[in-house]
Each structure stands twice: as C-alpha cells, then as structure tokens.
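Visitor: Structure incoming, see below.
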Amino acid sequence: QVQLVESGGGLVHPGGSLRLSCTVSGGTFSSYALGWFRQAPGKEREFVATQYWSGERAYYGNSVKGRFTISGDYAKNTVYLQMNSLKAEDTAIYYCALGLGPVELVGGVVGYWGQGTQVTVSS
C-alpha cells in the first residue's frame with residue numbers, strides 16, 4: 001500500500017524558514033514524481049512545486065517562485081520543500097503528492113496524497 005508521510009510543519013514568523021519532508025513507501029517510484037500542494041482556509045488546493053525523480057528540472061507555482069526550493073533524496077524516496085522568506089499568505093496545510101510525472105502534478109493529476117502538515121506564518 002502506497003503511503004506518503006510528511007513532516008516539518010509548524011509555526012514560524014514572517015520572513016522565517018521551514019523545511020518540509022515527505023517520504024513515500026509501498027512501491028517502486030523511480031518513474032513517478034513527488035510534489036507539494038497546499039490549501040489555505042477557504043481556498044482551493046493549489047500546486048506548489050515538483051520535480052523529476054532524477055532531480056532535474058523543477059516546477060513551481062507562481063506564488064512561491066524564488067522563495068521555495070524542492071529537492072530530493074530519491075534513493076530514500078524522500079522529497080523536501082525548503083521554504084524561505086515566508087509570508088502570512090503561505091499559511092496553509094501542505095500536502096505531499098505522488099503522480100505519474102511532474103507535468104501531471106502541475107496539472108493537478110495526483111495519484112496519492114499525504115495526510116498534510118500545517119504551516120502557520122504569524123508574528
């Protein structure tokens with residue numbers, strides 16, 4: 001059974017940083033892609049970031065470009081999201097996602113979701 005487990009959320013001041021982690025288990029995933037989405041209260045879930053399993057070429061949502069960086073230790077089936085210069089509007093539940101590829105994830109086509117981790121940016 002495929003499982004995605006996120007960690008690393010929490011409370012941070014505006015301008016601060018956090019790093020989220022997500023580990024996937026229950027299969028072989030080298031032909032897939034991991035990524036991140038988020039959902040703020042009262043808003044739709046939005047794409048945040050993804051990259052190829054090889055670590056090449058990353059894709060980012062417009063609202064996080066230049067501030068967030070996705071990376072992975074794919075030998076450990078783990079993806080990270082380094083979030084810098086955090087703003088109050090980054091407050092959301094962040095979900096790890098597994099899809100057929102980065103293009104599919106950018107398009108919102110997700111095969112499996114993690115349970116989510118809360119990120120709160122507040123002074």
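The values are calculated or read from the model by the stated rules, or taken from the named source; none is laboratory data. This is a predicted model, so every value here is computed, not measured. Here Cβ is always computed from backbone atoms with ideal geometry, including for glycine, and neighbour counts include all displayed protein chains. Only protein heavy atoms, including side chains, enter the accessible area calculation; ligands, DNA and RNA are left aside. Shrake-Rupley method; radii C 1.70, N 1.55, O 1.52, S 1.80 Å.
Visitor: Looking for whichever is touching a helix residue (DSSP H, G or I) at 6+ places or on another chain (Cβ under 6 Å) and of a type in the set (F, W, Y) here; the options are Y59, Y74. Which one fits?
Guide: None of the other options fit; the residue is Y59.
Visitor: To continue, here is another question. Do you know which residues across the range 101-122 are of a type in the set (G, A, S) and open to solvent by less than 30 Å² (accessible area, probe 1.4 Å)?
Guide: Result: G101, G114, G116.
Visitor: Would you confirm, using the coordinates I've provided, whether A49 is touching a residue at least 60 places away in the same chain (Cβ under 8 Å), closer than 15 Å to V106 by Cα and under 13 Å from the mean Cα position of the chain (by Cα)?
Guide: Spelling it out, it is not the case that A49 is touching a residue at least 60 places away in the same chain (Cβ under 8 Å), closer than 15 Å to V106 by Cα and under 13 Å from the mean Cα position of the chain (by Cα).
Visitor: Continuing with this model, one more query. Suppose the filter is open to solvent by less than 30 Å² (accessible area, probe 1.4 Å) and either within 18 Å of V110 (Cα to Cα) or touching a residue at least 24 places away in the same chain (Cβ under 8 Å) (or both); does L34 pass it?
Guide: So L34 fits the description; yes.
Visitor: Further, regarding this structure: Only residues in the range 105-123 that are at positive phi count as the first member; pair them with residues that are among the hydrophobic types (A, V, I, L, M, F, W, C), Cβ under 9 angstrom, at least 6 apart or cross-chain, and list the lot.
Guide: Pairs that qualify, where the first residue is at positive phi and the partner is among the hydrophobic types (A, V, I, L, M, F, W, C), are G108/F37; G108/F47; G116/I93; G116/C96.
Visitor: Output the residues belonging to the range 65-122 that are at pLDDT below 95 and over 21 Å from T28 (Cβ atoms).
Guide: V106, G107, G108
Visitor: Let me ask something else about it. Report, by residue number, each residue of the range 8-47 that is among the acidic types (D, E) and either modelled with pLDDT under 95 or in a loop (DSSP other than H, G, I, E, B) (or both).
Guide: Hit for the range 8-47 is E44, nothing else.
Visitor: Sort out which residues of the range 37-60 are surrounded by 14 or more Cβ atoms within 10 Å (Cβ to Cβ) and not hydrophobic (A, V, I, L, M, F, W, C), and write them in order of number.
Guide: The answer is R38, Q39, R45, E46, T50, Q51, Y52, Y59, Y60.
Visitor: Please work out if T50 is polar (S, T, N, Q) and in contact with a helix residue (DSSP H, G or I) (Cβ under 6 Å, 6 or more places away or on another chain).
Guide: Criteria met by T50.
Visitor: Can you name the residue in the range 101-123 that is assigned to a strand (DSSP E or B) and not polar (S, T, N, Q) and is also farthest from L20 (Cα to Cα) among such residues?
Guide: Step by step, filter the range 101-123, then rank; the result is Y112.
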